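Shown next, in structure tokens, is the structure this report addresses.
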Amino acid sequence: MTIKKTMLGTLSLLALTASPVLAEGTINVLTWEGYADPSFLTKFEETSGCQVNATYVGSNDDFAPKLMAGGGVYDLITPSIDTTKLMIDLDFVEPLDTSKIEGWNDIYPKFLALDGIQKDGEYYGMPYVWGAIAFMYRDDAFDTPPTSIADLWREDLKGKISLWDDKSAIYVAARKNGDMNIYSLSDEQIEKAKQSLVEQKPLIRKYWATAGELVDLYKAGEVVISNTWAGYQSSLLADEGIKVTEFIPTEGAEGWMDSWMVVKGSPNKECAYKFLNMQLSEQGQCGVANVNGYSVANAAAAKSCMSPEQYAALHQDDPDYLDSLLIWQSLGDRFEAYTNAWNSVKAQ
Amino acid sequence: MASIIQLENISKHYSPTIIGVDDVSLTVEDGEFVTLLGPSGCGKSTLLRMIGGFEEPTAGAIRLADKDVTFDPPYKREVNMVFQDYALFPHMTIGENVAYGLKTFKLDKDTVRTRVKDALMLVGLYDKLNQRPQQLSGGQRQRIALARAIVRRPKVLLLDEPLSALDAKLREQMQIELKHLHEKVGITFIMVTHDQTEALVMSDRVVVMDNGRIAQEGRPQDLYDHPASPYVANFIGTTSFLPGKVSALSGEVATIAAGGTQITAHPNAKLGEGATVTVGVRPEKVKLLAEGEAADNVFEGTISEVIYYGLGLRISVTLADGSKIDADTLLPDKLSHSTLPQSGAPVRLGVAAHNVFVFEGTVTP
Amino acid sequence: MSFLRRNLPSMLVMGIPLMWIALFMLLPYGIIVTYSFWLKKYPTFIPAFQFGNYITIFTDPQYVRVFLRTLKISVLVSMASFLLAYPFAYYLVFRCRSVALRTWLYMAVIAPLWVSYLLRAYIWKTILGTEGVLNSFLMSLGIIDEPSSLFLYNQFAMVVTLTYIFIPFMVMPIYTALEKIPTNLTEASADLGMGPWRSFWTVTLPLSLPGVAAGFTLTFCLSFGDFIAPFLVGGPDGNLIANVIATQFGAALNWPLGSALAIVMLVVVLTIVSLSDRMERKGMTGGV
């Protein structure tokens, strides 16, 4: 009986979650680590008089549940382009007054053209940073550098392969199967991708769930090849003295882009827009590029605040690179088919 | 009668200073009921546990039916123990408890059933066969514990304070029952108790222990009538002690100055004239003398206290030299307050010479 | 009025816990049960009353498979904990003569409970890893030539880690149960002719069963609901039911299915708890 009570008690405790406190001149942002880094945020707080409280997410899947738990907590969020549409459809975010955002027109047109951040002719997301879901290998493990997604299915690499624990695994497997319409796969194509992933499963050391986890897996010598958030984990590994190389496989890579969105009913509009302006300016754009190693959305700002080397390394001057990426899209009502297939792979 | 147990110079020293049992030798005859008597901490339980095999002596040997069992574990000895709080297995029925000890004998089912039945019939609880120990009263559990031990037909049955957990009335009844059981089964019983009445009522022989050693052993009435020391005299029955001095000796008879008078006694030990002694007198052997009534020894004093205990009175008397002596007296047939002894009244007490114990030295028991 | 005044204290005494139960137990469960009948519909889910979620759980093999896997892991963890904890507790209660050593050893098992769960799981990651402590040790002994990847990121690692983390919950009830067995019962058994082994099987073990049952229940239920060990030391085949539930509430945004899974899981756990409750009570009537 006591056991029963204790367990039920614990479960009910878990049902309660703490929430940040609201205050005048304070904005609460729900974002990725590095997007509100003190290296450029402190200055903003001093000059604007706005306090910023940052809560970090580990995955795009965190945004919806956190906002569903109740409104009025967060003012700004940064979902990726596959999740922005969901935020709009869930009515969690409000249209942006782009006239209040300086440098809006310097954003890559390709991003402004994306469906995921607009609805009924209004913008809901301000493109911020972007990158590729590239692939990565440990230099000392390969005589001939891998070039294809198929290398993640190689028997001789058994127990040395990792893959992101995300529905994007379906995208990877589909491309391996030659299905390039990865955001509009048919049920048959998804089933085929699922089968490929099931085949691959015995070769997998571990599916990585967080950026830090993948870094640890490389560091501990557990893994030699995987997909990666281009620019981020490789630089962390370089800091550890582990030589890895990123590559875009012949099957192409997905691209991602994160946008700032204003949560519906946010009471701190003034600070929110000050914050958006800062993030799109050189201060925010180079700030985040220096912290996370991601490419940024404001081409003009990047050009003026980056060194030519960094500018080139982040593909800011390379429209072909950007065009080659299969930028994530909202899956809409196909979302469930993808996640279900991926869950089913993991259940095997 | 052949001896069944021989203890040869048994000692149990926990450390050089902590001594449980010190150089005890004892022989128990087959079929005897022997009681180890003493206060707690005197080593009686330790001695019993060594016979049972639950503890090993640090010196000496234990023989059971002429076989050295000193270091045999309990399950290899043909002795069985009735534990103080019975130690019945709570997860087994009464029948299973009693049958438990037969498992190692590899008997067929019918034999087991018969023997369990016999043992339970013996203690009058066969109807409880399928009940659990928790459902029984203290006295019933006690009997089950006996049945469980006896069913194995051990050479010796050890009983560790078997009645101490029972209330007074039940205890008296069980004393008699145990004695009868002993007579019926004919097994040697060795019992440990701190209750002198238990010891006197039930045993053929009582071994009084003191500080790990045997103070005295013998038949109950011998111990009662001839205690070897003030310790024994005080432990078995009640004794008033008076300091004294031998004033004259003539053969077996000694004249001793004690209690403000000269008394005669028959001391056991050889005493010298002028020796300091302690005189012991049991209250029930002291007689209140009527006027002019004579006795071997007569003490004069004043009544300091009168205690009524139903069966009679205990009268405390302060003697001329300030020492105290108790006298028990049965109540007269026709109770009359005027004839009852009153506190503060002068009194004469008579004690027969053969009822005076004489111990060497001064003792404060 | 006088009725109120007379009964107010007792109403308060009873009322607070009742409100607590209502607020923190019944309400959350009520919500979960309600959700479990709802329907997934983009972008989220809509109120409904249908059993589709439950039907999915029992027809889609992925859920049954994960349930069975979770069951297997939990049973293995409970078994491993039992096999390690019992001799340990037995030693502490019956064989360890030094009180100081006994206290020390007992604390050594209990103390990790005060250390963060995550930290303890991480420790096993460093021990079992390809370049971890265990591999270095085995290589230094010459037992293996090159580091083995067999220790980490699989179900073995999960069982080891969960056993380590939950073993205090097996040791404590067994220790308590053994300590409650009067020594004179084992002495009586020896006295009645039973050697140490048979005494153990016929007296000590049966009398400690309530503790064993409690230990099994605790370790089983704790393992059954675990989702961190699969995440930290489990491999690709390490998904447990709690991970699936977390996914349904997070990535899949399918709270109705997640709720239904949680309810099924709760039913499994409550079944185990009441079974063991019954066993303990049975042990109690036969107990000391």
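Coordinate-derived values only; no laboratory data. Predicted model only: the values in this text are computed from it and were never measured. Every residue, glycine among them, receives a Cβ derived from its backbone with ideal geometry; neighbour counts consider all protein chains shown.
Numerical summary
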quantity	calculated
Student exercise, the protein assembly as shown dipole from Lys, Arg, Asp, Glu Cβ charges, in Debye to nearest 20	3400 debye
Long-range HN-HN contacts of B:VAL356 with modeled amide H, under 5 Å	B:HIS266
Cβ neighbours within 10 Å from other chains - mean over B:95-105	3
For the protein assembly as shown, with +1 on Lys and Arg beta carbons and -1 on Asp and Glu, the positive-most of A:TYR124, A:THR228, C:ILE73 along the dipole	C:ILE73
Sequence-distant aspartates and glutamates (8 or more away, or on other chains) whose Cα lies within less than 17 Å of C:LYS125	A:GLU213, A:ASP216, A:GLU222, C:ASP226, C:ASP237
In order through the range C:134-146: 3J(HN,Hα) via Karplus (6.51 cos²θ - 1.76 cosθ + 1.60), integer Hz, x for Gly, Pro	4, 5, 4, 5, 5, 6, 5, 7, x, 6, 10, 8, 10
For A:212-222, mean number of other protein chain Cβ atoms within 10 Å	3
Isolated Cys residues of the protein assembly as shown, judged by Cβ distance under 4.7 Å to other cysteines	B:CYS42, C:CYS96, C:CYS221
Karplus 3J(HN,Hα) series, Hz, for the range B:231-244 with 6.51 cos²θ - 1.76 cosθ + 1.60 (x for Gly, Pro)	4, 5, 4, 7, 6, 9, x, 10, 9, 8, 10, 10, x, x
Fully extended contour minus Cα-Cα distance, from B:TYR14 to B:THR238, at 0.36 nm per residue	77.3 nm
Separation of the B:PHE71 and A:LYS264 label points, Cα + 7 Å toward Cβ, nm	8.8 nm
Loop chymotrypsin sites (Phe, Trp or Tyr not before Pro), the range B:1-78 (other Cβ atoms within 10 Å of the site Cβ: 13 or fewer; DSSP)	B:TYR14, B:PHE71
Unit charges on C-beta of K, R, D, E only; dipole of the range C:95-174, Debye	540 debye
Sorted by Cβ neighbour density within 10 Å, fewest at the top, the residues C:MET19, A:MET261	C:MET19, A:MET261
Nearest-ten-degree value, helix B:138-150 long axis tilted from longest Cα axis of chain B	60 degrees
Distance between modelled label sites at A:SER148 and A:SER304, nm, 7 Å Cα→Cβ extension	4.7 nm
Interchain or long-range residues, amide H under 5 Å from B:LEU289's placed H	B:ARG348, B:LEU349, B:GLY350
Distant-in-sequence amide H partners of B:ALA215 (H built 1.01 Å from N, under 5 Å)	B:VAL208, B:MET209, B:ASP210
Antiparallel DSSP beta bridges within the protein assembly as shown, as percent of all bridges there, nearest 5	75 percent
Violating pairs (Cα-Cα greater than 30 angstrom) within the set B:LYS179/B:LYS287; A:LYS192/A:LYS243; A:LYS66/C:LYS40; B:LYS169/B:LYS324	B:LYS179/B:LYS287; A:LYS192/A:LYS243; B:LYS169/B:LYS324
For the range A:144-165 versus the range C:78-117, the gap between their alpha-carbon centres in whole angstrom	45 Å
³J(HN,Hα) computed for each position of the range C:246-260 - Karplus, 6.51 cos²θ - 1.76 cosθ + 1.60, integer Hz, glycine/proline x	4, 5, 5, 7, x, 3, 7, 6, 10, 4, x, 5, x, 5, 4
Residue among B:ASP68, B:ASP85, B:ASP204 with the largest mean-square fluctuation in a Gaussian network model of chain B, springs linking Cα atoms under 10 Å	B:ASP68
Neighbour-count order for B:PHE241, C:PHE45, C:PHE137, fewest beta carbons within 10 angstrom listed first	C:PHE137, C:PHE45, B:PHE241
Relative contact order computed over chain A (Cα-Cα under 8 Å; 6+ residues apart), in percent	27 percent
Too-long pairs where the Cα-Cα distance tops 23 Å, listed order kept, from A:LYS206/C:LYS41; B:LYS44/B:LYS155; A:LYS119/A:LYS176	A:LYS206/C:LYS41; A:LYS119/A:LYS176
Taking B:SER304, A:SER99 and counting other C-beta atoms within 10 Å, the order from fewest to most	A:SER99, B:SER304
